Structures are given as C-alpha cells and as structure tokens.
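First up is the structure itself, then whatever we jot down about it.
The values are calculated or read from the model by the stated rules, or taken from the named source; none is laboratory data. In this text the structure is predicted, and so the values were computed from the model without any measurement. Cβ sites come from the backbone with ideal geometry, for glycine too, and all protein chains shown count toward neighbours.
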Amino acid sequence: MKKTFCTLTATGMLLFISGSVVAQQAAATAPAAGAAPMLSSEKIALIVLVVAAAAILLVLATLLRIIKLLSNELHKIYFAERGIDIESVEKQIAGTQKTGWQKLMDALTDAVPVEREKDVMLDHGYDGIKELDNSLPPWWVYMFYITIFFSVVYLLHYHILGTGKLSAAEYQAEMEDARIAKIAQEQALAAKGMGFDMAKLAPLTDAASLESGKNIFVTNCASCHGNKGEGGVGPNLTDKFWIHGGDFKSIFNVITNGVLDKGMIAWKAMLKPQKIQEVASYIETLQGTSPPNAKAPQGTEFKPEQTGAATGSANAPADGAKTTAPKDSTATQTGGANK
C-alpha cells in the first residue's frame, strides 16, 4: 500500500511538472508577430492549469481513499487486540441504523415508533379501540404555513399595495392595448392609401363595383342564398323582411362578423372591407327583384327610415342580415351574407 501511495504521488507531481514545462516551451516557441497562432499563450496556460488541477484532484481523491482504507485496517487491529469480532459489531450497528428513505419519512410524518405508542396513547377507548395522540404530519403543517404566507403576500400585492393587477384590470388593459393597436394599424393603412373609413360607409353604385360584388356573391353566398338571392339554406335577400336589420351598415356588419349560431361565418378573415362593401352593395340591388322559387319572408319588415341601430355582439350584431341557416358544414363553409 505504501508503494501504491508513493507511485500515485510521484505520478501527480510528474504531471504537474510536465504541464509547466509544456507551457514554458509553448510560450517560448510562440509564432512571430503577424502570424495567426492556433492557441495563444494565455489559452495554453489555461489548459495546463486545468490539467494540473485535475491531476491534483485525482491525487487528493486517491489520498482520501488510502486514508479510509488505513483507518479500517487500524480499527480491525484495535478490535482484534481486544478480542472483539468486528464483523458482528458492524452488523449490530447496521441493524440499528436507518436508511435515508426511512429518515426522510420520519421527518415528514413525525410518526411515533410502535415500541413507544404507550407514550402517546390516550386514556379513553371506543369498544376496545385505543386512540393515539399523534402530532400532525410536518409536511401538512408546513404546507398550511405556506398557504398562509401566500395569502398574506397575495393580499398585500393585489388588494392593499396595488402593485399587481387583478384579472378584471388585466382584461381592461389588454382591451385598451388592442384598441390602440387597431388605431395604429388603421392609421398605417391610411398612410399607405389602403385604409377603410367606416364613417363614410355607403352603397357603391358604379358598374365595376357591382359586378365585382356579384362575382363574390355567386362564388361565396349563392350556395346558401341562391344565385339570385331567392334563398335556400339561408333566407331570401330580395324581399323587405330582415332578421338583423336591412340598412346597408347592418348588411355590411353581418357579412363582416357573421352570425355563428345560425351558421353564417364571419367573412372578415377572407374578404377585405372593400370587397365586403361591394358584395353588400350588390345585395341591396336585389331588393324587389322577385326571383322565381323565392323563399318565404323571415324576420320583420324593414323600412328605409329605420336606423337599424346595432345592439348585438361581434359575432351576432343586432343589425345584420337575417338567416335561418342551420349549424351544418355547408352553411359554415359557403354561407354568404345572411339577412
């Protein structure tokens, strides 16, 4: 063992000395100025130091192992001189020691050993059943303390100091951010000449816009409302009766936002506002055309003097086109402007 210790120590010293020599040689043979060395002297020195540190750690680990082995041998000699069987003593000690898992469970549960149950047993009993006055499990107590601490911090943070936002305030802040972002987007589009002024929304009357609106209607809306607006799955668009209002803005809003509970999808994700204005303008030209096989009127009669104020939600505004389209895949995929 002494020979092994000397060999390892000598090996560590040789590694350290050889590393220092290599570092000095590398620094001495460094390339001249202007060349591009692969490793600078600082990097070489750092590598040598790392190798030397690793060698020292290896030597220290070996020394610790040797010290432990020597200690065990000394213990055996000590007990042997006194006639004590070291193996039996080690077995007795191992039998009384608990594993790490057992120590952890004892710390978490604070359970009383079976041999000490009499110390915590209560005097009274129930039909011969005794009750033990065990302590509450520490894990449960600590968790309860954590919840109390959390509630105090929560109360201070949200309700007293006001440094945090409640869900309602966060919702309002997000809505405000969305409103500002929408205004900024509209301004950016207006600066590029691509904006759409809802305040100036009105039916288009030029032939090119109406022809474009007709093509959009035939492509996207005719499957539910008929090629001539006579109605089908969706309501008749040629009479005076409307479910969500018959003024131009109501028609525009329903095409834009849809009426999902009736199977009318929102076309704002697929059509630009200008295109929705064109198809809404074309739908207004269908009034009074009386096509064949027209569907029976639905909703209430709309008179031009009615304002058609919208009171509905974004998906089902009160001012929109009427629809009786059921909730099926055909209406959802191809439903056009519902009355």
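The figures follow:
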item: Of all residues in the stretch 123-153 being among the polar types (S, T, N, Q) and closer than 20 Å to residue 109 by Cβ, the one that is modelled with the highest pLDDT; result: 147
item: Residues of the stretch 258-282 classified as of a type outside the set (A, V, I, L, M, F, W, C) and surrounded by 20 or more Cβ atoms within 10 Å (Cβ to Cβ), total; result: 7
item: Qualifying positions in the stretch 154-196 - small (Gly, Ala, Ser) and at pLDDT below 90; result: 162, 164, 184, 188, 190, 191, 193, 195
item: Verdict on residue 241 being in contact with a Ser or Thr (Cβ under 8 Å, 6 or more places away or on another chain), assigned by TED's automatic domain parsing to the domain that holds residue 293 and among the aromatic types (Phe, Trp, Tyr); result: yes
item: Subset tally (residues that are free of Cβ contacts under 8 Å to residues at least 12 places away in the same chain, on the phi < 0 side of the Ramachandran plot and either part of a strand (DSSP E or B) or not charged (D, E, K, R) (or both)) for the stretch 90-135; result: 22
item: Failed item in (1) under 18 Å from residue 203 (Cβ atoms); (2) crowded, with 16+ Cβ neighbours inside 10 Å; (3) modelled with pLDDT of 85 or more, with residue 321 passing the rest; result: (3)
item: Selected residue (only one of 306, 287, 298, 274 is more than 15 Å from residue 237 (Cβ to Cβ), at pLDDT 85 or above and either of a type in the set (S, T, N, Q) or assigned to a helix (DSSP H, G or I) (or both)); result: 274
item: The stretch 141-190, residues that are of a type in the set (Lys, Arg) and either in a helix (DSSP H, G or I) or within 30 Å of residue 273 (Cα to Cα) (or both); result: 179, 182
